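Values in this text are rule-based calculations from the coordinates and carry no lab data. Just so it is clear, the model here is predicted, and its values are computed rather than measured. Glycine gets a Cβ as well: all are built from the backbone with ideal geometry, and neighbour counts include every protein chain shown.
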Amino acid sequence: MTTSSTDQDLLDGWLQVKQHRGERKRSQDPYVHLGLRFAFYGRMSTSEHQDRHTSRLWQLEMSELLVAGHGLIVAEFFDEGVSRRRRWSNRPEGARLLEALVDPDRGFDAVVVGEYERAFYGRQFDEMVPLLRAAGVQVWLPEVAGAVDLEVGEHRRLMRFLGAQSQREVIRARNRSLRSMKVQAELGRYLGGRPPYGYMLVDAGPHPNRADARWGRRAWKLAPDPRTALHVKWIFARRREGMSVAGIARLLNERAVPCPSAADPGRNRHRSGEGWGAPTVATILENPRYTGRQVWNRMANDRDEVDPRTGRPGQFPNLPEDWAISFDVAHTPLVGMREFTQVQKVRARRPNGDGGERRYLLAGLLVCGACGRRMDSHWVHGRPGYRCRHGYTSARPRLLGAPALLYWREDRLLERIVVVAAEQGQPLPSTGDEVAAFLAAAGIGVVCSRRAIELRERTDRACPGTGVQRRSRGRLRKPA
């Protein structure tokens with residue numbers, strides 16, 4: 001399609017008029033001489049269900065309209081797949097913006113946001129105010145048509161209202177989603193996520209949502225995976241016979257059976273895939289979905305708070321009464337309900353042959369002097385002891401050249417502790433219970449080698465034996 005010369009002249013004239021109006025407006029604006037440099041901050045909640053370019057552009061456009069005539073956007077911080085509930089320090093781009101605030105040469109004078117809810121939740125704005133004030137950085141919001149001034153009562157009240165509104169919006173959406181997912185799980189619907197080891201996803205017909213079905217979306221359900229389902233049945237059979245969890249893992253490794261992360265590496269990129277471990281086997285044995293029932297809400301995922309040790313969202317198990325279990329069988333079971341129940345009973349601690357109780361007085365107080373690990377309690381020949389396998393478990397064979405196992409009997413260890421304490425000028429009680437109580441109360445750990453021990457101050461009393469670093473100075477301190 002071509003444009004005539006007359007139409008082109010009209011178009012050019014209209015553009016000149018628009019340009020003249022914009023220049024006149026900027027010349028009358030009192031902020032034009034400030035030339036503020038703005039940093040744009042934006043955020044989108046999900047990366048799979050939202051278009052990054054669309055979300056970013058509409059927020060950026062709102063920000064540009066807000067600062068037009070007052071300055072220019074010279075920096076950009078945009079978080080993708082981050083909930084508003086997450087603190088700024090736990091948002092990748094938010095944390096980068098916070099780091100820039102302390103830099104005198106950061107290159108911007110103010111932060112502009114296209115919408116309050118994109119940046120703040122609850123009282124997050126109040127938490128950010130001291131940092132922004134210390135850096136001399138303004139915050140511009142469309143809700144106040146410019147810079148936020150907390151000295152103005154109207155602005156303070158508006159920020160509190162917007163924070164509460166943002167929080168209420170999340171709570172309402174979250175509660176509705178959780179209740180809907182609970183009902184769907186009870187009806188047997190597959191709610192997504194990685195299929196359990198031994199299962200794969202198959203087509204379950206049109207999507208139950210009519211709008212999704214019209215778009216051609218399909219529902220999914222679990223079905224036995226011919227490659228791995230037999231291994232799950234084998235695991236349950238061995239456990240029902242009384243085999244230990246570590247023993248099952250060791251046999252699986254010896255038989256070169258692919259572990260879950262090796263069998264499906266695409267869905268387990270965060271796993272190493274090196275082999276089976278006792279926790280992996282225990283997780284399979286505890287999963288009721290192998291009985292054919294759909295189960296939801298076994299684990300609570302706090303995606304808004306990141307574990308600083310792993311960099312991943314935190315997880316914690318829910319109580320069984322909080323689980324949602326389907327009323328009927330939703331997929332082909334790999335284990336019968338009776339067999340599954342029997343296996344859970346095997347997990348219970350078996351009583352001693354003589355009916356007595358196994359007590360470990362020094363549990364949590366001993367550290368291996370060779371590798372720094374906490375020593376394990378170990379019952380041998382009818383008496384308590386402690387050992388360190390230097391990171392190796394019974395689920396995997398020992399490597400050639402690995403350090404020999406360290407072992408101490410409890411009675412000999414208690415005798416040695418009393419002698420060492422006396423050498424340091426601090427006599428200890430003679431009974432084992434009193435010695436253990438004194439060490440725990442005084443914050444003292446025992447570092448063990450093959451032929452000697454050393455008493456040191458623990459760096460973390462709340463978790464005894466997790467790592468003793470510094471030597472106790474002078475005599476042993478009595479507990480208060």
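For the reader, a short list of remarks on this structure follows.
- Gain upon complete extension [ARG37, ALA404; 0.36 nm per residue less C-alpha separation]: 125.7 nm
- Estimated distance in nm for a label pair at MET299 and ASP376, the labels positioned 7 Å out from Cα along Cα-to-Cβ: 2.3
- Extended-chain gain in nm, criterion 0.36 nm per residue less alpha-carbon gap, LYS345 and ASP105: 80.0 nm
- Amide proton proximity set for ILE444, modelled H, under 5 Å, gap of 5+: ARG458
- Förster radius 41 Å - calculated FRET efficiency between PHE161 and GLN424 (Cβ-Cβ, nearest 0.05): 0.05
- Förster radius 22 Å - calculated FRET efficiency between GLU254 and GLU274, Cβ distance, rounded to 0.05: 0.95
- Residue exposure sequence - LEU158, LEU361 - by fewest surrounding Cβ within 10 Å: LEU158, LEU361
- One quarter of the convex hull surface built on the alpha carbon atoms of segment 171-212 amounts to 4.1 nm², the projected area averaged over directions.
- Compactness of segment 366-457, expressed as Rg and Dmax over alpha-carbon positions, Å: 14.2, 44
- Altogether, the Stokes-Einstein calculation at 20 °C and 1.002 mPa s, with the Kirkwood radius of segment 164-270 over Cα pairs as Rh, returns a diffusion coefficient of 125 µm²/s.
- Comparing Cα centroids, segment 38-82 and segment 167-204 end up 30 angstrom apart.
- The ARG218 and MET337 beta-carbon pair, evaluated with R₀ = 41 Å, returns a calculated FRET efficiency of approximately 0.90.
- Close amide-amide hydrogen proximity is noted between ASP79 and GLY42, ARG43, MET44, each under 5 Å apart and 5 or more residues distant or on a separate chain (H modeled in the peptide plane; Pro and chain starts excluded).
- Listed values for segment 211-222 are Karplus-derived 3J(HN,Hα) couplings in whole Hz (6.51 cos²θ - 1.76 cosθ + 1.60, θ = phi - 60°), namely 5, 5, 5, 5, 7, x, 6, 10, 8, 10, 8, 8, and x replaces Gly and Pro.
- Mean separation of Cα contacts under 8 Å, 6 or more apart, over the residue count of segment 31-170: relative contact order %: 27
- For segment 199-346, the fraction of C-alpha pairs farther apart than 19 angstrom is 64 percent.
- Label-point gap, in nm, between ASP51 and ARG358 - each point 7 angstrom along Cα→Cβ: 6.2
- Extension gain, ARG96 to LEU319, is 76.5 nm, computed as 0.36 nm per intervening residue step minus the present C-alpha separation.
- Kirkwood Rh and Cα Rg combined as Rg/Rh, segment 31-170: 0.93
- When only the Cβ of Lys, Arg, Asp and Glu is charged (+1, +1, -1, -1), the dipole of segment 46-200 relative to its Cα centre reaches about 1120 debye.
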